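One structure is given here, and the rest of the page talks about it.
The values are calculated or read from the model by the stated rules, or taken from the named source; none is laboratory data. Here the structure is a predicted model, which is why all the values come from computation and not from measurement. All Cβ positions, even for glycine, are placed from backbone atoms using ideal geometry, and neighbour counts span all protein chains on display. Please note that ligands, DNA and RNA were not included when accessible areas were found on the heavy atoms of the full protein model with its side chains. Shrake-Rupley method; radii C 1.70, N 1.55, O 1.52, S 1.80 Å.
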Amino acid sequence: MTHQEQLHADQTLIESTLRTCFSTREPRSDLYDAMQYSLLAGGKRLRPVLVLESCRMCGGNPAAALPFACAIEMVHTYSLIHDDLPCMDDDDLRRGQPTNHKVYGEATAVLAGDGLLTAAFEMMLETKELPQDRILAAAACLAQAAGGRGMVGGQALDMAGEGHALSLTEIEELQRLKTGSLLSAAAEMGCLLAGGTAEQQAGLAKYAKRLGLAFQIRDDILDVEGDSATLGKPVGSDARSEKTTFVTLKGLKGCQDLVEQLTQEAIDALATLPDSQFLCWLAQTLAARNK
């Protein structure tokens with residue numbers, strides 16, 4: 001199987017599992033419709049793929065890690081719903097479709113995000129196929145990455161930075177938390193679920209942190225030179241919000257050089273890990289993406 005075929009297989013498995021997550025839930029007005037609307041709106045499924053592939057790399061069973069892969073996608077999706085709200089980034093499009101609050105209203109969008117966040121932990125903690133200590137370690141890893149010490153903290157810095165000039169150190173810290181935390185958690189969770197070593201976990205965490213920063217810088221580039229039809233969302237939103245970005249500080253050429261450097265550092269972090277070819281290929285593929 002080629003790397004592209006493996007990626008497609010992972011994405012297909014994740015997609016089919018996500019479609020069943022709320023299929024048997026009792027009606028709660030349009031709450032579950034709103035949750036599924038954003039959860040099933042597409043996307044790269046990068047974070048759940050990292051959970052499955054890091055688990056496989058560390059000798060674990062990816063099928064047993066699937067609930068955790070779906071859980072981290074729920075957390076990511078909740079963050080997107082809330083980011084798009086008028087009180088945050090006030091975006092009308094996400095993945096080529098109207099944002100959640102444009103379809104269901106602001107109150108339901110908030111509740112849909114809340115519902116996805118709590119459903120993620122419900123799904124992980126109901127798992128029976130793995131040792132309890134691994135389940136708890138993976139859930140704790142995601143909790144820390146998603147909260148004030150991670151993604152939510154990064155979003156707070158992002159909002160506070162609007163209209164202010166930020167230094168390179170400040171923007172790196174912001175993105176390390178907002179984007180990098182969940183990516184790092186995804187890679188570490190797979191290792192924890194497989195019963196991997198501390199050295200494996202550290203290597204995967206370093207890989208994911210470099211990958212996350214390269215991913216965000218590529219996003220900043222695409223916000224300047226991409227097009228809405230390809231991206232499925234408006235371009236130029238950073239400039240309109242007066243946000244300091246990597247492009248603001250480094251320019252397009254400097255940003256592209258930095259993406260290449262960080263991608264190589266991500267690959268180098270996997271040098272001592274077994275069977276790392278897929279994750280190396282994934283880093284290179286993401287560095288060259290146009291959406």
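In the stretch 47-69, of all residues being open to solvent by less than 10 Å² (accessible area, probe 1.4 Å) and of a type in the set (A, V, I, L, M), the one that is nearest to Ala194 (Cα to Cα) corresponds to Ala65.
Among the listed residues Glu199, Glu188, which satisfies the condition of being surrounded by fewer than 24 Cβ atoms within 10 Å (Cβ to Cβ), among the acidic types (Asp, Glu), more than 23 Å from Met159 (Cβ to Cβ) and modelled with pLDDT of 85 or more? Break it down into steps so the answer makes sense when it comes.
Numbers: Glu188 fails: surrounded by fewer than 24 Cβ atoms within 10 Å (Cβ to Cβ).
Result of the check over Glu199, Glu188: Glu199.
Looking across the stretch 238-275, the residues that are modelled with pLDDT under 95 and within 19 Å of His3 (Cβ to Cβ) come down to Ala271, Leu273, Pro274, Asp275. Checking each residue in the stretch 150-180 for being more than 22 Å from His76 (Cβ to Cβ) and hydroxyl-bearing (Ser, Thr, Tyr) picks out Ser167, Thr169.
Which residues, counting only those in the stretch 118-136, are over 20 Å from Thr24 (Cβ atoms) and surrounded by fewer than 17 Cβ atoms within 10 Å (Cβ to Cβ)? Reasoning before the result, please.
Step one: list which residues in the stretch 118-136 are over 20 Å from Thr24 (Cβ atoms), which gives 130-136.
The answer is Pro131, Gln132, Asp133, Leu136.
The set of residues in the stretch 210-236 that are surrounded by 14 or more Cβ atoms within 10 Å (Cβ to Cβ), at pLDDT below 90 and of a type in the set (Gly, Ala, Ser) comprises Gly226, Gly232. Give me the pairs: first residue in the stretch 271-285 and touching a residue at least 12 places away in the same chain (Cβ under 8 Å), second residue exposed (fewer than 15 other Cβ atoms within 10 Å of the Cβ) and in a helix (DSSP H, G or I), beta-carbon distance under 8 Å, and six or more apart or on different chains, which are they? From residues that are touching a residue at least 12 places away in the same chain (Cβ under 8 Å), the pairs are Thr272/Glu199. Taken over the stretch 11-46, the criterion of being surrounded by 12 or more Cβ atoms within 10 Å (Cβ to Cβ) and polar (S, T, N, Q) is satisfied by Gln11, Thr17, Gln36, Ser38. Remark: pairs (first residue in the stretch 244-255, touching a residue at least 60 places away in the same chain (Cβ under 8 Å); second residue open to solvent by 30 Å² or more (accessible area, probe 1.4 Å) and of a type in the set (Phe, Trp, Tyr); Cβ separation under 7 Å; 6+ apart in sequence or on different chains) are absent.
Give me the residue from the stretch 157-183 that is among the small types (Gly, Ala, Ser) and open to solvent by less than 10 Å² (accessible area, probe 1.4 Å) and, out of that set, farthest from the chain's Cα centre (by Cα). Before you say what the answer is, go through the steps one by one.
Of the residues in the stretch 157-183, the ones among the small types (Gly, Ala, Ser) are 160-161, 163, 165, 167, 180-181.
Now restrict to residues that are open to solvent by less than 10 Å² (accessible area, probe 1.4 Å): 161, 180.
On the way: Gly161: 21, Gly180: 8 Å.
The selected residue is Gly161.
Could you grab the pairs with beta carbons closer than 7 Å, sequence gap of 6+ or different chains, first residue in the stretch 49-78 and farther than 15 Å from Arg134 by Cα, second one assigned to a loop (DSSP other than H, G, I, E, B) and among the acidic types (Asp, Glu)? So the pair list comes out as Met57/Asp275.
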